[in-house]
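What follows is one structure encoded as structure tokens, with my remarks underneath.
The values are calculated or read from the model by the stated rules, or taken from the named source; none is laboratory data. Model, not experiment: these values are computed from the prediction. Neighbour counts are summed over all protein chains in view; Cβ atoms, including those assigned to glycine, are modelled from backbone coordinates with ideal geometry.
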Amino acid sequence: MFITNLIVQTSPCKTQVAGTSTSQTRTTLKHHCPHHSKKEIEYYCQTCRLGLCSKCIYKNHNDHKTLDLEYDFTREMVVEELAKSEQFITNKIEDREKIHTRLLETSEKLKLFCDEACAKKCKNKRKDIKQNFGRNESKLTEARQKVMKEINDIKTDLGTSCPINQEPSLNLIYSLTKLQELQKLCGNMKTDIPPVTYEEWRQGGVNICDLLGSTVTKPLYQSFEKTVFKFNCQDIKNVEVLYSEDKHEINGMVSGCSVRKVNDRYVYIDIGSLKENNPQAGHWEIRYTVTILNKDEDKKVISETKTEIFSSGFLFWRSEIQLPWDTLTDPSEGFINNEGQFYVGFDQF
């Protein structure tokens, strides 16, 4: 997964203990340039996020922003980047563990629905219900196993990186490279949640053929993935509509988020389906929660959530939240973080 040009060498060193001389072998780590195996890393290219030798820097990265590893401030920068990467990956692990827990809860609810249906059904219908449960249980089991594998893989890769300590700068560069690649992998990670249905008993009507009743297959609504849309306050202009680059997709419907400011007084946050990503119309019952939150406050929801049920036979739908601009941008209100950013969470059921 990671680019590794690490060479482990041993060199002898002597240590004096209680007046006696003892020889020990110390293991040292030498990091070589990924393009020149005989040259050690001397610079860090911030543009490409790579540790390179002087030959590479002057030949191919001359116009890039680079740092000399001999200076103390380079090490301080690397330590800060390491901390950010580790925190990002830790948050991703927690998110995947939450998804795994919700998959388990859904599996238990599915079993409960099936057991209740079996109690009402005739003997010749019990087999059909159990088969339906088995198919859906297999989907959930496969999804849970996939999420659990992702969690274990991330933890394993994270464990191979060097901790933040007083190690030489070269070791920090190596750890930073690994963590940044793992961070990129986590950022692109998506979970495909299988559609799950259960069978419910429907009472028979007057028709003699329906006196025994029948089963009705219904969707089981569960929330698995929350999409978080990020915005920079400095990018929001009057009248202009600013769309987030992130998109939310569930059950084939793609939604997005945009913001617009009016006369420097109010900001309108819109969430709805995207025309270019939804080629076919459908009758959707949409249950969702929109939350404005501060990502610097761990697991803390700043604003009240907004929940609606929207049913439409048309292609598009949209919901809007209005907030005073001064309230949104006031640091004491807790909506924006230290970098002047705020986040809109969208959780669809």
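Quick one: would you say residue 254 is surrounded by fewer than 16 Cβ atoms within 10 Å (Cβ to Cβ), assigned to a strand (DSSP E or B) and at pLDDT below 75?
Details: surrounded by fewer than 16 Cβ atoms within 10 Å (Cβ to Cβ): yes; assigned to a strand (DSSP E or B): yes; at pLDDT below 75: no.
When the stated conditions are applied, residue 254 does not pass them.
Here are the criteria: (1) closer than 28 Å to residue 175 by Cα; (2) out of contact with any strand residue (DSSP E or B) (no Cβ under 9 Å at 6 or more places or on another chain); (3) at pLDDT 80 or above. Tell me which single one residue 54 does not satisfy.
It is condition (2) that residue 54 fails.
Just checking, how many residues over the stretch 78-110 are closer than 21 Å to residue 44 by Cβ, in contact (Cβ under 8 Å) with a residue 12 or more places away in the chain and surrounded by 13 or more Cβ atoms within 10 Å (Cβ to Cβ)? Before you say what the answer is, go through the steps one by one.
Taking the stretch 78-110 and keeping what is closer than 21 Å to residue 44 by Cβ, we get 78-89.
Filter once more, keeping what is in contact (Cβ under 8 Å) with a residue 12 or more places away in the chain: 78-79, 81-83, 85-86, 88-89.
Now drop any that are not surrounded by 13 or more Cβ atoms within 10 Å (Cβ to Cβ), which leaves 78-79, 81-82, 85-86, 88-89.
Of the residues in that region, 8 qualify.
Of these, 178, 130, 125, 84, which one is outside any loop (DSSP other than H, G, I, E, B), of a type outside the set (S, T, N, Q) and at pLDDT 80 or above?
Details: 178 fails: at pLDDT 80 or above; 130 fails: at pLDDT 80 or above; 125 fails: at pLDDT 80 or above.
Just a single option satisfies the conditions, and that option is 84.
Being within 11 Å of the chain's Cα centre (by Cα), under 12 Å from residue 183 (Cβ atoms) and not β-branched (Val, Ile, Thr) is the filter here; which residues of the stretch 74-104 pass it?
Scanning the stretch 74-104 gives 88, 91, 92.
When both residues are 6+ apart or on different chains and their Cβ atoms are under 7 Å apart, which pairs have a first residue that lies in the stretch 146-160 and is at pLDDT below 80, and a second that is loosely packed, with under 13 Cβ neighbours inside 10 Å?
Short answer, once both residue conditions are applied: 157/1.
If I filter the stretch 263-278 for residues that are over 27 Å from residue 239 (Cβ atoms), in the same structural domain as residue 242 (by TED's automatic domain parsing) and either modelled with pLDDT under 85 or more than 21 Å from the chain's Cα centre (by Cα) (or both), do I get at least one hit?
Filtering the stretch 263-278 down to residues over 27 Å from residue 239 (Cβ atoms) leaves none.
So far as the stretch 263-278 goes, no, none of its residues is over 27 Å from residue 239 (Cβ atoms), in the same structural domain as residue 242 (by TED's automatic domain parsing) and either modelled with pLDDT under 85 or more than 21 Å from the chain's Cα centre (by Cα) (or both).
Determine the pairs where a residue that is under 17 Å from residue 344 (Cβ atoms) and of a type in the set (Val, Ile, Thr), located within the stretch 306-333, has a partner that is assigned to a helix (DSSP H, G or I) and at pLDDT 85 or above with Cβ atoms under 6 Å apart, the partner being 6 or more residues away or on another chain.
Hits for this filter: 329/233.
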